[in-house]
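The values are calculated or read from the model by the stated rules, or taken from the named source; none is laboratory data. Quick caveat: nothing in here was measured; it's all calculated off a predicted structure. Cβ atoms come from the backbone with ideal geometry, glycine included; neighbour counts cover every protein chain shown.
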Amino acid sequence: MTASYAWIKLVHVLAALWVAAGIFGSTVVRAQGKRATALPERAMAARLLWRLHVVYSVPGVLLAGLVGFYLVSAGGFRFNELWVMLASMLYLLLFLSTLFLVTPGLLRQKNAAVSLSTGGGAPGAEAALGAKLPGILSDVNALLVVVLVLLMVTKP
């Protein structure tokens, strides 16, 4: 293993931790947001979820994936190995759900929270704030991260 490969692997691990911080941190915020009864508390949870997503989850998913695919090719692994194919498919699911399902859902929730907290009460804002799909997909993404970590550590 060359020194540059080790540094790039460190970047990959740090990016994976960055993703995990966003995904697992959002579960705590989401749980507190569900328990909240007052509208300002629910709105604050929606804004925090959006912030965790755009600061941690999205950049981490992008960087970890790019660096991870580089490490597969630079590390002498083959893309036709079972664990690499499985990890690639799971990452693709994580990537697609994060960018194309969770991000728009959380954006709708954040916009609804802003609308309701400013007294604007846009039509459907309360329903958007209570949407369950972003939370469900975030929990699925957390499970995908756990399985991906297991695959990266064991390399079966």
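Some notes on this structure:
- When residues in segment 56-81 are screened for being within 15 Å of the chain's Cα centre (by Cα) and among the polar types (S, T, N, Q), 1 of them pass.
Conditions (1) more than 17 Å from the chain's Cα centre (by Cα); (2) more than 25 Å from ALA125 (Cα to Cα); (3) not polar (S, T, N, Q), marked per residue:
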| residue | (1), (2), (3) |
| --- | --- |
| LYS9 | yes, yes, yes |
| PRO40 | yes, no, yes |
| VAL54 | no, no, yes |
| LEU107 | no, no, yes |
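- So GLY33, is it part of a helix (DSSP H, G or I) and at pLDDT 95 or above: no
- Residue in segment 70-81 that is in a helix (DSSP H, G or I) and among the small types (Gly, Ala, Ser) present: yes
- In the set (1) at pLDDT 95 or above; (2) touching a Lys or Arg at 6+ places or on another chain (Cβ under 6 Å), GLY135 fails one condition alone, (1).
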